[in-house]
1. Go through Leu4, Leu53, Leu34, Leu57 for me and flag whichever is more than 30 Å from Gly103 (Cβ to Cβ) and touching a strand residue (DSSP E or B) at 6+ places or on another chain (Cβ under 7 Å).
2. Go through the stretch 4-22 and give me each residue that's in contact with an Asp or Glu (Cβ under 9 Å, 6 or more places away or on another chain) and assigned to a loop (DSSP other than H, G, I, E, B).
3. For the stretch 72-116, enumerate the residues that are basic (Lys, Arg), part of a loop (DSSP other than H, G, I, E, B) and either farther than 21 Å from Arg55 by Cβ or at pLDDT 95 or above (or both).
4. Can we say Asn124 is surrounded by 10 or more Cβ atoms within 10 Å (Cβ to Cβ) and not in a strand (DSSP E or B)?
5. It is to be established whether one or more residues within the stretch 31-47 are part of a loop (DSSP other than H, G, I, E, B) and either closer than 16 Å to Ser105 by Cβ or at pLDDT 95 or above (or both).
6. Name every residue in the stretch 68-102 that is free of Cβ contacts under 8 Å to residues at least 12 places away in the same chain and farther than 21 Å from Phe5 by Cβ, in order of residue number.
7. Taking the stretch 31-67 only, how many residues are surrounded by 12 or more Cβ atoms within 10 Å (Cβ to Cβ), among the charged types (D, E, K, R) and more than 17 Å from the chain's Cα centre (by Cα)?
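The values are calculated or read from the model by the stated rules, or taken from the named source; none is laboratory data. Given the structure is predicted, the values throughout are model-derived calculations rather than measurements. Because the Cβ atoms are built from the backbone with ideal geometry, glycine has one as well, and the counts that use them run over all protein chains shown.
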Amino acid sequence: MNPLFQSQETIAGKVLIEPYQGKKVEHNGVKVELLGQIEMYFDRGNFYDFTSLVRELDVPGEIYEKKAYPFEFSTVEMPHETYNGVNVRLRYVLKVTVTRGYGGSIVEYQDFVVRNYSPLPPINNSIKMEVGIEDCLHIEFEYNKSK
């Protein structure tokens, strides 16, 4: 199950990196990205970013034991809702990258869902009716629709 957010909410959390016992992880930096992406049916596998925010979590160095990196994206503008359809997919994702010089970078993704709620429009419960004789008499009735 994916976390649920609305536009203008703060998205915060922790990135945990834990090397195997007795091993170290050499890296050229750790970063977290918040991405809003669109994928088209006819172009599967290629995502087009419409939102991109980046936080650098660590400078190049080594990690010898479990390390937690807190992060926060404040009042994030997420104008579109998450959508997964036949022809298009719109998603929001947190992407963590541990950049390494050899052996390739380590990349992990965490999707989350965006639902933007708006207030319901006022309901007009009245019925209007007009009766008249042309150029002579005009009467308008308005009934409240209630039981």
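1. On the way: Leu53 fails: more than 30 Å from Gly103 (Cβ to Cβ); Leu34 fails: more than 30 Å from Gly103 (Cβ to Cβ); Leu57 fails: more than 30 Å from Gly103 (Cβ to Cβ).
The match here is Leu4.
2. Ser7, Gln8, Thr10, Glu18, Pro19
3. Step one: list which residues in the stretch 72-116 are basic (Lys, Arg), which gives 89, 91, 95, 100, 115.
Okay, now just the ones that are also part of a loop (DSSP other than H, G, I, E, B), so 100, 115.
Arg115, the sole residue that qualifies.
4. no
5. First pass over the stretch 31-47, keeping only residues part of a loop (DSSP other than H, G, I, E, B): 44-46.
So of that shortlist, the ones also either closer than 16 Å to Ser105 by Cβ or at pLDDT 95 or above (or both) come out as none.
Among the residues of the stretch 31-47, not one is part of a loop (DSSP other than H, G, I, E, B) and either closer than 16 Å to Ser105 by Cβ or at pLDDT 95 or above (or both), which makes the answer no.
6. Kept after step one, since they are free of Cβ contacts under 8 Å to residues at least 12 places away in the same chain, are these residues of the stretch 68-102: 83-85, 102.
Passing the criteria: only Tyr102.
7. Number satisfying all stated conditions: 3.
Here is a yes/no grid of residues against (1) within 23 Å of Lys31 (Cβ to Cβ); (2) under 43 Å from the mean Cα position of the chain (by Cα); (3) not acidic (Asp, Glu):
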| position | (1), (2), (3) |
| --- | --- |
| Gly101 | yes, yes, yes |
| Glu108 | yes, yes, no |
| Val114 | yes, yes, yes |
| Ser118 | no, yes, yes |
| Ser126 | no, yes, yes |
| Ile133 | no, no, yes |
| Tyr143 | no, no, yes |
